[in-house]
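The values are calculated or read from the model by the stated rules, or taken from the named source; none is laboratory data. These figures come from a predicted structure and were not determined experimentally. Don't worry about glycine lacking a Cβ; one is built from the backbone with ideal geometry, like all the others, and counts go over all protein chains shown.
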Amino acid sequence: MIEAVKYTRVSTNQQDARGSKDEQDKLIELWASKNNYKIIETFSDTDHGDKENRADFNRLKHFLILNTHIKHVIVLYSDRFSRDYKQGMRFLFDFDDLGVKVISVNEGELKADGTVESLISSFRFSQNQEEKNKMVKKVTDNMFNYAETNRYLGGSLSPWFTTDKGIVNGIKCKVVIPNNETWDFYRKVFLDMIKYRSIKESCRVNNLKYRTVIDWCLMPELIGYRTYGKKGKVDKNHTKGRRKEYQISSDRVYPAILSDEEYEIIKEIRLKNKLKYMNIEREYLYSTFLECSCNGKFAGEKIKKYNDNVFHYYKCEKCGSRFNADKLENSITEKILSEPKLKMLNDYQFRIADIIDEKILLEKNLDEKLKAEATIASLIVKGFMSEEAAEKELKELNKIKDKIKKEIQQKEILITEETKKEITEDNIDTLKYLLRNIDFDLIEDLKEILHLIIRKIKIHDIHNIDIIF
């Protein structure tokens, strides 16, 4: 007898006789005994036919790689193997590379070897895919039709709803009804919002999570309408949670927990709450100037605490040092305002003095590296140093030289930029005023003046700050 393995698949556990696992097993075993095959292993999935990573199908492929003497896989129909045209043909090619034949009890051998028979297999997989598309469309259309009723279509329900047996369009099914155990409680939750004119206060009184309750406040289900949507049809990016875009039933099909007037009042309260508690994006005033003592740059970050408060801080991207944003900005502001040099900033020569000193130091450093280069060349000529050792030293020196030259160029650009700047007494007075009276509307003006006046702010700790103008 020829040893073979069988593969069965259903999309759901409630499949009809044509595709149920028991029926597939029975018919494959019957065919195998008549055709001199011995089934030594069974692989079975409850998954969709167009899904590639089916657990037991992957196990089947692994089994065939390890057991090279098994050359036959038996399925009931080709659509049990795959319902996707490209995927099905690729699987056949993979099995063909292993020397394995796939046999359908009802359709014969499935081939992918370029012969006339392989064209038939290709056509079958094409038909399987078309059939799958029709099935999906039929189910989707039915779901959308039933969305205009109170029939339960799966998924979670709002806590004031439950399900019970009922009849919709002459068909026995589950329907959505009020949950008598929770209905009065949740109605009180919504009425408390109107009573206190606050969603947060209602959550506190009724011991509910604010984040959950605030999402309920805009649900059309509150006044009896049903919302629904199909992934890829309404909101293509939807993967989890409540959709931001959805369709609404034309009629009220659910029991309404609120009247239209109550619903409108709650929507209005929610809007006011949102404007009141909405966090305007915080500006990190000094993030472009800050430099850590480790020479790393600082970036403004935030973290949300358990009570919904937001903690803002500056974090060094190199060493990870963190400083409370408000405290650090206050320290920097005090340092700038108390800086004696601030009065002299309208003097161009004073502003560039530090940059010129830095440039002179870099030029001296470059001269030293050039002398070291000349010394190595002299040692090679005199035979005191091998060319191999010298090459390594010169390579390192060239790297350092290039870096220094680049820094000198940056200093020259900085000097040119400073020459173009016009820092007046008015600029300095405006800076002092804006720092003492920071206003969100004037934040851009403040940043503009800071960029005009400050080059760098070196942070050693919150009380040790160097302002480089």
request  = Taking Val75 as the residue in question, decide whether it is at pLDDT 80 or above and in contact with a strand residue (DSSP E or B) (Cβ under 6 Å, 6 or more places away or on another chain).
outcome  = yes
query = Limited to the range 193-226, what total is found for residues that are buried (at least 16 other Cβ atoms within 10 Å of the Cβ), in contact with an Asp or Glu (Cβ under 7 Å, 6 or more places away or on another chain) and without any contact (Cβ under 8 Å) to a residue 60 or more places away in the chain?
reply = 2
Criterion violated by Asp260 - all others in (1) modelled with pLDDT of 90 or more; (2) of a type outside the set (Lys, Arg); (3) surrounded by 15 or more Cβ atoms within 10 Å (Cβ to Cβ) satisfied = (3)
Of residues in the range 167-192 being of a type in the set (A, V, I, L, M, F, W, C) and closer than 26 Å to Glu264 by Cα, the one surrounded by the fewest Cβ atoms within 10 Å (Cβ to Cβ) = Phe185
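Residue-wise test of (1) under 30 Å from Leu450 (Cα atoms); (2) part of a loop (DSSP other than H, G, I, E, B); (3) modelled with pLDDT of 90 or more; (4) not basic (Lys, Arg).
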site: Leu218; (1), (2), (3), (4): no, yes, no, yes
site: Asn237; (1), (2), (3), (4): no, yes, no, yes
site: Gly241; (1), (2), (3), (4): no, yes, no, yes
site: Asp251; (1), (2), (3), (4): no, yes, no, yes
site: Pro255; (1), (2), (3), (4): no, yes, yes, yes
site: Ile269; (1), (2), (3), (4): no, no, no, yes
site: Leu285; (1), (2), (3), (4): yes, yes, no, yes
key: Residues of the range 301-319 that turn out to be out of contact with any His (no Cβ under 7 Å at 6 or more places or on another chain), at pLDDT 80 or above and not aromatic (Phe, Trp, Tyr), as a count   = 8
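If a residue must be outside any loop (DSSP other than H, G, I, E, B) and within 38 Å of the chain's Cα centre (by Cα), how many such residues does the range 174-198 contain? Talk me through it step by step, then tell me what you get.
Let us first name the residues in the range 174-198 that are outside any loop (DSSP other than H, G, I, E, B), namely 174-178, 183-196.
Among the residues that remain, those that are also within 38 Å of the chain's Cα centre (by Cα) are: 174-178, 183, 185-194, 196.
The total comes to 17.
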query = Lys411 fails exactly one of the following numbered conditions: (1) surrounded by 14 or more Cβ atoms within 10 Å (Cβ to Cβ); (2) without any contact (Cβ under 8 Å) to a residue 40 or more places away in the chain; (3) part of a helix (DSSP H, G or I). What is the number of that condition?
reply = (2)
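If we keep just the residues of the range 72-91 that are charged (D, E, K, R) and free of Cβ contacts under 8 Å to residues at least 60 places away in the same chain, which is farthest from Thr42 (Cα to Cα)? Let's see the steps before the verdict.
Filtering the range 72-91 for residues charged (D, E, K, R) gives 79-80, 83-84, 86, 90.
Right, trim to free of Cβ contacts under 8 Å to residues at least 60 places away in the same chain and you get 79, 83-84, 86, 90.
On the way: Asp79: 17, Arg83: 20, Asp84: 22, Lys86: 25, Arg90: 22 Å.
Top of the filtered list is Lys86.
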